[in-house]
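To start, the structure itself, in structure tokens.
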Amino acid sequence: MIVKGEKMETKENLATRIRNLCYNVAMHKLLEQAKEAAKNAYCKYSDFPVGAAVMTENGAVYTGCNVENASYGLTICAERNAVAAAVANGETKIRAVAIYSPKMEKITPCGACLQVLAEFGTQEVITEAKDFKMHELLPEAFCI
Ligand SMILES: [Zn+2]
């Protein structure tokens with residue numbers, strides 16, 4: 001309802017607000033998918049479960065969890081497992097990644113995962129505590 005004297009919202013403003021709302025809903029859902037993936041973490045050595053969900057430019061979502069190994073160096077992070085799942089399905093452009101661990105609210109990807117996420121153009125990093133722009137976390141990604 002428009003009250004007399006109230007300024008009517010332009011179509012452009014309304015469209016922007018709807019786009020932002022849809023984006024926020026999508027990112028919330030992405031974080032929920034990361035939470036689900038964390039339940040499958042194989043982390044018997046660290047007891048630090050992590051789940052990740054990447055959303056591609058096509059809107060598809062792929063998830064991953066950390067998979068540890070008795071030979072610690074073979075451990076693979078949730079983020080890289082999610083990226084690998086996307087690539088295995090033919091997706092090479094990642095829009096956003098959500099990361100979740102029940103052990104740490106403000107979790108961020110490790111350096112190796114940031115580099116891998118940068119390789120596929122990731123722009124947004126979503127966590128329960130805060131959302132980041134990729135360039136905030138890795139301002140000078142290595143590229144050839
Ligand atoms: Zn990592």
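All of the numbers you see were taken from the coordinates with simple rules; none came from a lab. Keep in mind it's a predicted model, so treat the numbers as computed, not measured. Note: ideal-geometry Cβ built from the backbone for every residue, glycine included; neighbour counts use all protein chains shown.
Structural remarks
- Angle in degrees between helix 11-38 and the longest Cα principal axis of the chain, rounded to the nearest 10: 20 degrees
- Dividing the Cα radius of gyration of the chain by its Kirkwood radius returns 1.10 for Rg/Rh.
- Loop sites in the stretch 1-81: trypsin sites (Lys or Arg not before Pro), DSSP, at most 15 other Cβ within 10 Å: 4, 7, 39, 44
- Placing +1 on the Cβ of every Lys and Arg and -1 on the Cβ of every Asp and Glu, with no other charges, gives the chain a dipole of roughly 360 debye about its Cα centre.
- The stretch 9-137, relative contact order [Cα under 8 Å, separation at least 6], %: 21 percent
- Charged neighbours of residue 17, selected by a Cβ distance under 13 Å, balance to 0 (K, R count +1; D, E count -1).
- Charge sum, other residues only, whose C-beta stays under 13 Å from residue 113's C-beta, Lys/Arg counted +1 and Asp/Glu -1: -1
- Dipole of the stretch 18-141, positive end: most advanced residue of 108, 54, 38 [Cβ charges, Cα centre]: 38
- The chain: angle of helix 78-88 to the longest principal axis, Cα-based, in degrees nearest 10: 80 degrees
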